[in-house]
Amino acid sequence: IGAGVMMGGVGIVERKLRLSGDTAVGLLFVGMLSLGVIITSRSEAFVGDLTRILFGQLLGVDSTDIYWQIVALIVVGVIAYVCRRPFLLLTIDDGLTQTSGFSARLFHNVLLAIVGLTVVASFQTVGTLLVLGMLVTALAIGHSSLTVLPAAAALM
């Protein structure tokens, strides 16, 4: 539920505040992480381990967790393969996606949904902080390559 709220919030922040997707993900993920830590630390009924939630439990992963991650991998892989053309067009331009006959909003939401599924599948194993690091690092790499590639093309 939290991942769904976050991915919906990313879409709203992108459309309403005109922020980039990586900025929206970074802001909302850190905000939701902070809110979760505050709620968990204030709760008297919480009996779990906050350290395990934040840092994961790599040595305590059982076969159920592995099966869940395999299922998530297959679902994300199938969706990415089936939607590869609209996703590619979406990375270039929303207008190009629309003129090619695809709904930019629909495929943007599908992309957010598979990111949410990937995040939820990763929590048990690697923890919240490493998931945050993986999201922000991937976005930073994608952003830096987008700024470097046009400069490299201009040099050629």
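Taken together, the values in this text are just the output of simple stated rules run on the coordinates, not laboratory data. Computed from a predicted model, the values in this text were never measured in an experiment. We place every Cβ from the backbone using ideal geometry, glycine too, and count neighbours over all the protein chains shown.
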Counting Lys +1, Arg +1, Asp -1, Glu -1, what net charge surrounds GLY8 among other residues with beta carbon under 13 Å of its beta carbon?
+2
Note on region 1-117: contact order normalised by length, alpha-carbon pairs under 8 Å, 6 or more apart, percent, works out to 26
Modelled FRET efficiency - R0 41 Å, ARG15 with LEU59, Cβ distances, 0.05 increments:
0.45
Global form of region 1-118, assessed from the alpha-carbon gyration tensor, a/c cut-off 1.5:
oblate
